[in-house]
Amino acid sequence: MRTSIFKQIDNPNAFKKQLLNWSQQFREITFLDSNVNYNQNSKYSSYDLVLAVDAFTSIVTDYTNVFEDLYEYQSRMKDWLFGYMSYDLKNDIEDLKSKNFDGLQFPDLYFFQPKKLFFLKGNQLEIQYLNMCDDEVEDDFNEINLQELFEFENLQEINIQQRVSKEKYIEKVSKMLDYIHRGDIYEANFCMEFFAKDVQINPSQVYNDLNEISEPPFAVYFKNKDIFLISASPERYLKKVDTKIISQPIKGTAKRSFDMELDEELKVNLSKDAKERSENIMIVDLVRNDLSHTATKGSVQVEELCQVYTFKQVHQMISTVVSNVENTTSPIQIIKSTFPMGSMTGAPKISAMKIIEELEETKRGLYSGAVGYFTPNGDFDFNVVIRSILYNSSNQYLSFSVGSAITSLSIPEKEYEECLLKAQAMFEVLVDDSL
């Protein structure tokens, strides 16, 4: 079904940019960059870069019976499939609703089978084209290498507004704390939106700028006609390799410092912070429970607990939870039994999602959903859509959201500061004056 050709790449970093530049001619693009040169947490990284372009087939749908539709599509294609699952697929799993304001108007789910695929690992490039277009490989490869890289500035001034004021945020978090003290939930991830209307941006340039200042392990540039995701995500949602399942939730954030001694102190303080550790451990318990639904008996293990990793913008506390599944277990069932990811909901999960819907003012949509791919043999790898800019070029609406985990130890003002810290990189690439 596909023809594979291998090439040696002299300068992988330059080639990545040429590849992204070349891809802009296509209506459908998924560009996934692991930024492996920078990231310590790359044990489970399969590729340095993956690019999928030009849909041969696709599925686009709302949340109704969405997992059945995805199962049917993935089972029938048995090929590489790239796309996203929005947070609101929760409404197909549980008796939940998403009635908050939605300025972006993205479909709930979209996947496509690409005609053209590129996999980069070190200096080795594998090109996989569907047989119908494999005669285009050499011409495309030559065209990619001829790409000249230009810097474009977004000339338009972008007026970013905050959906929830600081006062309103503190009021809402206080209400969430009431739910916690009442015993309805232990923890919930509360998010707020920043947005801009009537905006025109150059999405690939914004992606390059965001990736350069963040260099995260799960960076994404995604395009489907007029909708774009520009993501600097540091978090893996779920990966399947043969019968092994890997989840790597993040809970716990600390700022960086240019002073090396102070930066190390901030990192150590995060590793010892009782509130941050309790947040992380609660989500680890939730993930263990989620994975147990499809795991073989006794196979759910915590490989790594509350390990602090350093990224360009922040220090993050990451845990790694793994399990094994029978080789007959459907990949879609594994995803359905763990979705949405615990790090973006809270515990208990259903109660947390109901309270989130009540207190948040924006439909999450693709934010806190997942982007990634399925392989022909049913393996998969998906990130968590955070630290991301979403853009609809048709209605010229731009949005990014940030959140933090609220627990009984939370101080609303500090949670607000954590949100602004997470928003810093997005502000930096969209406006001259960062927060």
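Contact map, region 122-145: residues that are of a type in the set (Val, Ile, Thr) paired with residues that are outside any helix (DSSP H, G or I), Cβ distance under 6 Å, separation 6+ or inter-chain. Pairs shown: Ile127/Ile5; Ile127/Phe118; Val137/Ile5; Val137/Ile127; Val137/Tyr129. Restricting to region 312-351, name every residue that is under 20 Å from the mean Cα position of the chain (by Cα), more than 19 Å from Arg387 (Cβ to Cβ), part of a helix (DSSP H, G or I) and aliphatic (A, V, I, L, M). Within region 312-351, Ile332, Ile334, Ile335 qualify.
Has region 138-154 got at least one residue that is in contact with a Ser or Thr (Cβ under 8 Å, 6 or more places away or on another chain) and more than 19 Å from Ile29 (Cα to Cα)?
no
Evaluated against (1) surrounded by fewer than 21 Cβ atoms within 10 Å (Cβ to Cβ); (2) at pLDDT 95 or above; (3) assigned to a strand (DSSP E or B); (4) not basic (Lys, Arg), Gly372 falls short on exactly one condition, (1).
Restricting attention to region 198-233, which residues are over 19 Å from Ile29 (Cβ atoms), in contact with a strand residue (DSSP E or B) (Cβ under 6 Å, 6 or more places away or on another chain) and assigned to a loop (DSSP other than H, G, I, E, B)? Val199, the sole residue that qualifies.
Looking only at region 162-201, residues that are in contact (Cβ under 8 Å) with a residue 40 or more places away in the chain and within 27 Å of Lys414 (Cα to Cα) come to 27 in all. Going by what's in this entry, would Ile350 be described as free of Cβ contacts under 8 Å to residues at least 12 places away in the same chain, over 20 Å from Arg163 (Cβ atoms) and surrounded by fewer than 21 Cβ atoms within 10 Å (Cβ to Cβ)? No, not satisfied. Test Asn159 against the stated conditions and say whether it is of a type in the set (S, T, N, Q), assigned to a loop (DSSP other than H, G, I, E, B) and free of Cβ contacts under 8 Å to residues at least 60 places away in the same chain. Against the criterion (of a type in the set (S, T, N, Q), assigned to a loop (DSSP other than H, G, I, E, B) and free of Cβ contacts under 8 Å to residues at least 60 places away in the same chain), Asn159 qualifies.
Scan region 55-92 for residues that are over 26 Å from Asp33 (Cα atoms) and of a type outside the set (Ser, Thr, Tyr) and the total you get is 11.
The values are calculated or read from the model by the stated rules, or taken from the named source; none is laboratory data. Keep in mind it's a predicted model, so treat the numbers as computed, not measured. Neighbour counts run over all protein chains shown; Cβ positions are idealised from the backbone, glycine included.
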